[in-house]
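The values are calculated or read from the model by the stated rules, or taken from the named source; none is laboratory data. Computed from a predicted model, the values in this text were never measured in an experiment. Counting neighbours? That spans all protein chains shown, and the Cβs are built from the backbone with ideal geometry, glycine included.
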Amino acid sequence: MKPVTTLRRGLDPGPSLKSMHPAASRWIGTLIRMTSAHPAMTRILDIVESLSDRPYRTNFVLLGEPGTGKEGLGRALANLSCPGGPLVRYDVAGFPEDEALSLLCGNGRRAGVAEAADGGTILVEEAARLPAQVQAVLLRLLKTGRCERRGTASVDADDDNGPGAEQVKGKRFDVRVVAMSDRDLPAEVAAGRFRHDLYYRLARVQLSLPPLRERKEDIGPAVIWMGNRILREARVPLELMGQADFDQAARAEKLRAIAVHPEAIRALERYAWPGNFRELEAVLERALLLHRRGPELGPGEIAAALGV
């Protein structure tokens, strides 16, 4: 496996990124721009590098607090391991068990997530909150490829000679799963709330995304990347720059740029970020909205956006 620095160097002109599925390359390019040498992030980039060399279809478990980027990473991994295959999101938090089962397997003539994702990946939101019966059906789907629609005759997974077996055998689905959870899934297994056999079927590769408060060195790069995305979406013809880049920029570039003052970055680094990157993005948008005309985004505007 090539080291992480190889993938970083490949970012521009980026042959290793350009050869990826577009959805994967966008997220991975973002990840590289916003990632330091944190051990957990280095491991994630190593997995990404391996999958970019050769697709390898498997199941993933992604753990991390809300706002750490699990869904983005999940979509990237799915598109790398099964390029071109369907990617279907399955989120049943708060659903009654019967509705959750119908959504997964279908009901009557309505196809379910399993059928829609055939040949690709199911992106499972909040896996720890899956009802017990849904866990059992998902395990069966991964073991046998079978997920009968609700309201139709069911055939035992190991019975290939029972009534209707030929019809069922023609409806086996080939799916992989990226399961995400903001809870400690191994702890849920130990507590008996999550099936251990399903967990080990899912956790072929388990990755944990660290919270932003443990990645303070990533806040500066994240501010520049997120800030520029906010400005583009708001159609503001300005570019956000770090102070060093602003100081070296040509006069014409400075006229359409905003420099982030180092004290503004330090103010952000002192904050605890309970909402992680999702909260950082919201704070940045407020700060840019509050920004008065001028070449600098200062600590006062950051303090006001943080409400401190």
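List of remarks:
- Within region 47-85, the set of residues being over 12 Å from residue 208 (Cα atoms) and aromatic (Phe, Trp, Tyr) comprises just one member, 56.
- Matching residues in region 111-126 - criterion: being in contact with a helix residue (DSSP H, G or I) (Cβ under 8 Å, 6 or more places away or on another chain), part of a strand (DSSP E or B) and more than 7 Å from residue 90 (Cβ to Cβ): 121
- Qualifying positions in region 46-86 - in a helix (DSSP H, G or I), within 9 Å of the chain's Cα centre (by Cα) and under 14 Å from residue 205 (Cβ atoms): 70, 73, 74, 76, 77
- The lone criterion from (1) closer than 26 Å to residue 182 by Cβ; (2) surrounded by 16 or more Cβ atoms within 10 Å (Cβ to Cβ); (3) touching a His at 6+ places or on another chain (Cβ under 8 Å) left unmet by residue 258 is number (1).
- Test result for residue 87, within 18 Å of residue 129 (Cβ to Cβ) and modelled with pLDDT of 90 or more: no
- Check on residue 278, surrounded by fewer than 20 Cβ atoms within 10 Å (Cβ to Cβ), closer than 20 Å to residue 231 by Cβ, among the basic types (Lys, Arg) and over 29 Å from the mean Cα position of the chain (by Cα): no
- Counting only residues that are of a type outside the set (S, T, N, Q) and more than 21 Å from residue 200 (Cα to Cα), region 118-154 holds 7 of them.
- Here residue 95 meets the list (1) part of a helix (DSSP H, G or I); (2) touching a Leu at 6+ places or on another chain (Cβ under 9 Å) almost entirely, failing just condition (1).
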